[in-house]
Structure formats: C-alpha cells, structure tokens
1. Report the full-extension gain for the segment Phe51 to Ser113: residue separation times 0.36 nm, less the Cα-Cα distance, to one decimal in nm.
2. Once you keep just the Cα pairs under 8 angstrom separated by 6 or more residues, what percentage relative contact order results for the stretch 7-116?
3. Under 5 Å between amide H atoms, partner at least 5 residues away or on a different chain: which partners does Ile43 have, H built in plane at 1.01 Å?
4. Over the chain, what percent of the accessible surface lies on carbon and sulfur atoms, probe 1.4 Å?
5. If you put +1 on each Lys and Arg Cβ and -1 on each Asp and Glu Cβ, how big is the dipole of the chain around its Cα centre, in Debye rounded to 20?
6. Probe of 1.4 angstrom, ligands and nucleic acids ignored: what's the accessible area per residue over the stretch 27-114, in square angstrom?
7. Between Lys94 and Asn72, 0.36 nm times their residue separation minus their Cα-Cα distance comes to what?
8. Given the -39500 (n - 2.57) contribution per DSSP H run of 4+ residues, what per-residue ellipticity at 222 nm results for the chain, rounded to the nearest 500 deg cm²/dmol?
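The values are calculated or read from the model by the stated rules, or taken from the named source; none is laboratory data. All of these numbers come straight from a predicted model, not from anything done at the bench. Note that we place each Cβ from the backbone using ideal geometry, even for glycine, and neighbour counts take in every protein chain shown. For accessibility, only protein heavy atoms count, side chains too; no ligands or nucleic acids. Shrake-Rupley method; radii C 1.70, N 1.55, O 1.52, S 1.80 Å.
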Amino acid sequence: LLEKFRNDKICLEVCPISEQILKLVPNIALHPAYKYFKAGIPIVIGSDDPFMFGSSGISFDFFEVIVSWNLNLSDVKQLIINSINYSALSLYEKEKAMRIWEGKWANFIRDYSKTY
C-alpha cells in the first residue's frame, strides 16, 4: 500500500497535535508519517480543528513536526510545497501561491544565511 501511495503520489494528511491529543499516536516523534515522508510518500501537515484543540492555526503543528522529527530546511520546504500542490486550489491559484511562497522562502533563506 505504501508503495502505491509513493508511486501514485497519493498524499497523506497528518494532523499531529490532534492525533496526539486523541491518543492515535503516543507522541509526535513516534508518528508513523515521519517514516512515510522519508520513504517519499507525499505528506501534508494539517491542523485538524484548531478551535477545539486550543491552537491558533497550523504553525503549531508545523513546529511540533519540525522539532519532533528533527527536520532540516529541505524537509520543511518539501512539506510546504506539498501543502500547495495537494491543496484544493485551482491550478492558477496554486501557481500564484507557489510564486508568492517562493519569494518569501528566498527572503527567509537569505535572512537566515545572514544570521548564521
């Protein structure tokens, strides 16, 4: 099944904070999606129901995944690209979102490089 997901580029949505709260995983570090992601299966990070779980959006879920899975910048970049590519946006909206994001990403990398 995992091979089919990878070959057919079937994306899995992961909502790490709610899945931990609901005890579907013991903790985010042990979430099986990390292995899927590293095996080339497209993953997107979702926030499930931020109001119900007391968060203010997807940033917390991304932070938890980045820290728990010890992701590098390339991994984070891929997760963001997946978020755009597998969204419900039209092709035009995806292309526009990607252009905007690529500019912001380039600025982030430039500023990050100056810091370190």
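1. Working: separation 62, 0.36 × 62 = 22.32 nm, distance 3.54 nm.
Length difference between fully extended and current span is 18.8 nm.
2. On the way: 90 pairs, mean separation 26.3, N = 110.
Over the stretch 7-116, the number comes to 24 percent.
3. Leu12
4. Numbers: 4480 of 7710 Å².
Ligands and nucleic acids excluded, carbon and sulfur give 58 percent.
5. On the way: 13 positive and 13 negative charges, 83 e Å.
Once rounded to the nearest 20, the dipole reads 400 debye.
6. Working: 5510 Å² over 88 residues.
Here the residues of the stretch 27-114 average 63 Å² of exposed surface.
7. Details: separation 22, 0.36 × 22 = 7.92 nm, distance 2.42 nm.
Full extension of this stretch gives 5.5 nm more.
8. Working: 7 runs with 70 residues, N = 116.
Here the helix-only value at 222 nm equals -17500 deg cm²/dmol.
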